[in-house]
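**Student:** Take this structure, written in structure tokens, and hold onto it; I'll ask about it next.
Just so it is clear, none of the values below were taken in a lab; they were calculated from the coordinates. Please read all numbers here as calculations on a predicted model, not as lab measurements. Methodologically, a virtual Cβ is constructed for each residue, glycine included, from the backbone with ideal geometry; neighbour enumeration extends over all protein chains shown.
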Amino acid sequence: MPRMTDRLADNLQRVTAEIAAACSRAGRSPDEVTLVAVTKYTELVWIRRLIELGVRNLGESRPQQLLERSEQLPSDVHWHLIGHLQRNKVKPVSPRTVLIHSVDSLRLLERISVIAAELSLRPRVLLEVNVSGEASKDGLVVSDLTAQWDAFQAVPNVDVAGLMTMAPLADDPAAARPMFRALRQLRDELAARAAPHVKLTELSMGMSGDFEVAIEEGATLVRIGSRLFEGL
Ligand SMILES: *Cc1c(COP(=O)(O)O)cnc(C)c1O
């Protein structure tokens, strides 16, 4: 076996153990947290190996790359779109994804709804929120989302399953905790005002540098790239 192959297995094992440890600290079951392996930085050969190692949920940030790779990889992979979705990519992407994490406007959600009706699909989506308020970040502004929440939940043919955020990059993972906590509180607030069919069960938060903190704050999906593929 080449040494490099073992490195990917080691990285995966380490990340899985850290997820389990964070769950245990938070009194949560590891079954509540799904690892989405973010493959945007890596090549097909490594993705195939990761699939062999048992990972089924893969995330890409560019729709075009997701589409290309979904054709090249086994059909039982669950694809997650985690980056910006252009309106003209909604149609090809919707049938290929189990979850779109990055709905950042009402207009985009309405577009997904129209395409869903056309293709007889019911896509699951998350609303991406800019919790930190940094101007450079994608995502809905908190006050806009709370003001427009009734309009969001009235959009037909889609399941709004929860919220997603990206914390600002920081050296200290603890710096992300207030953002993750704010996302969970926003979810609770919206859930309290949700129609019976709207179940905001998912919180997509936490990346390589801060996933343990995110799990402690309630993440159900962690999006991890560099920690898996480092050193290959
Ligand atoms: C790239 C990316 C990730 C993974 O980042 P790492 O720090 O490499 O784990 C997670 N979420 C989004 C939205 C990304 O674009």
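**Student:** Quick check: net charge around Val131, other residues with Cβ under 15 Å of its Cβ, Lys/Arg +1 and Asp/Glu -1? Numbers along the way, then the final one.
**Tutor:** Numbers: positive: Lys137, Arg177, Arg181, Arg184, Arg187; negative: Asp104, Glu128, Glu134, Asp138, Asp144, Asp188, Glu189, Asp210, Glu217.
Value of the local net charge: -4.
**Student:** Right, another one. From Cα coordinates alone, what are the radius of gyration and Dmax values for the chain in angstrom?
**Tutor:** According to the Cα coordinates of the chain, Rg and Dmax are 17.3, 56 Å.
**Student:** Take each uninterrupted DSSP H stretch in the chain, measure its Cα extent along the helix axis, and return the ones at 24 Å or beyond whose mean Kyte-Doolittle hydropathy is at least -1.0. Walk me through the intermediate numbers first.
**Tutor:** Working: long enough: 3-25 (33 Å, -0.35).
Span-like helices in the chain: 3-25.
**Student:** Are there any GluC sites (Glu not before Pro) in segment 1-74 that are in a DSSP loop and have at most 12 other Cβ atoms within 10 Å? List them by number. Working shown, then result.
**Tutor:** Values: sites: Glu18, Glu32, Glu43, Glu52, Glu60, Glu68, Glu71; in loops: Glu43.
Listed in order of number, the matching sites are Glu43.
**Student:** Based on Cα coordinates alone, diagonalise the gyration tensor for segment 41-118, multiply each eigenvalue by 5, take square roots, and list the semi-axes in whole Å, largest first. All intermediate terms of the calculation are to be shown ahead of the outcome.
**Tutor:** Numbers: eigenvalues 122, 27, 21 Å².
Output for segment 41-118: semi-axes of 25, 12, 10 Å.
**Student:** Could I ask something else about it? How many angstrom lie between the C-alpha centres of segment 148-182 and segment 39-68?
**Tutor:** 24
**Student:** Average the reciprocal distances over every distinct pair of alpha-carbons in segment 101-232, invert the result, and give the Kirkwood radius in Å.
**Tutor:** Mean inverse Cα-Cα distance, inverted, gives 15.3 Å.
**Student:** If packing is taken as the average number of other Cβ atoms within 10 Å across a peptide's residues, how do 159-165, 170-176 rank, most packed first?
**Tutor:** On the way: 159-165: 23.7, 170-176: 14.0.
Packing proxy ranking, top to bottom: 159-165, 170-176.
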